[in-house]
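J.: One structure coming up, written as structure tokens, with questions to follow.
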Amino acid sequence: MLASKVTDDISSDNYDIIPLLVYMTMNKPLVMKQPEAGQFTKELRLLTGLTQEQFAAKLGVTYPTINRWENSKSTPSPLAIQRLIFVLEQIGDRANHLAIKYLRS
């Protein structure tokens, strides 16, 4: 299956994983557990250069929601994770390391 091919080829520095994220999330809902979800959210937000308030507005959630995710008080829903992945895809190559670190199966 393509998803297992992704994890086999992840060691390649030139491997572009971002377009495959859509494929991976279409097959099953993506669920992240804490503390990884909080770390992923914070690293992604910092990569965008946005404050928690700005990042919340971009995702369509409230500032306290972002704060709770980043501080491991709650976990993003599958829909929220899809929105996070959309932001990750918008960033492009600069975000590949986050995809590899947090989203490989």
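J.: Could you please report the charge total around residue 45, scoring K, R as +1 and D, E as -1 over all other residues with beta-carbon less than 14 angstrom from its beta-carbon? Mind dumping the intermediate values first?
T.: Details: positive: 42, 58, 68, 83, 94; negative: 43, 53, 70.
Cβ neighbours under 14 Å give a net charge of +2.
J.: Using a Debye calculation, one point per C-alpha and no hydration shell, please list log10 I(q)/I(0) for the stretch 34-96 at q = 0.13, 0.21 Å⁻¹ in order.
T.: -0.27, -0.75
No value in this document is a laboratory result; all are computed from the given coordinates. Predicted model, so just to flag it, every value in this text is computed and none were measured. Cβ atoms come from the backbone with ideal geometry, glycine included; neighbour counts cover every protein chain shown.
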